[in-house]
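The values are calculated or read from the model by the stated rules, or taken from the named source; none is laboratory data. What you see is a predicted model; the values in this text were computed from it and never measured. Glycine gets a Cβ as well: all are built from the backbone with ideal geometry, and neighbour counts include every protein chain shown.
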């Protein structure tokens, strides 16, 4: 393996790991923690997380990882084992994007469009309407982020 192939693969692994870590962290401590807090605080914090994510380096991992995976796939095409693992990781990224755009983004947009106040009625229901499906679909992103580990 050349230095270029090694570097590309290393950076792709870092990107895939960053995506897994982000989705996993949202699923394990953050969203369940919000479920235990005041619905207004949970709604407001999640709106803020969504806005902060859109303005962060998260998109470097989200959009850079598939580019690196494609480069690694093309440059390492002759190695059947590498090709299989990299292709699975790329398929996982495609799965992440499908779930994100079909389910999580519409839920985030719904949440972002809400005007909330601490005295508003129905905040508990609003949080549940958002949180339950968002967490359900986010677990699919966690699984897709590690799709290559599901190979026999």
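Regarding region 120-138, can at least one residue be identified that is under 17 Å from the mean Cα position of the chain (by Cα) and not in a helix (DSSP H, G or I)?
No, region 120-138 contains no residue that is under 17 Å from the mean Cα position of the chain (by Cα) and not in a helix (DSSP H, G or I).
List pairs: first in region 101-124 and in contact (Cβ under 8 Å) with a residue 60 or more places away in the chain, second surrounded by fewer than 13 Cβ atoms within 10 Å (Cβ to Cβ), Cβ under 8 Å, 6+ apart or cross-chain?
112/51
Any chance you could count how many residues in region 85-111 are more than 18 Å from the chain's Cα centre (by Cα) and surrounded by fewer than 13 Cβ atoms within 10 Å (Cβ to Cβ)?
Here the count works out to 0.
Being surrounded by fewer than 14 Cβ atoms within 10 Å (Cβ to Cβ), within 15 Å of residue 107 (Cα to Cα) and either touching a strand residue (DSSP E or B) at 6+ places or on another chain (Cβ under 6 Å) or modelled with pLDDT of 95 or more (or both) is the filter here, so list the residues in region 1-52 that pass it.
Selection gives 48 alone.
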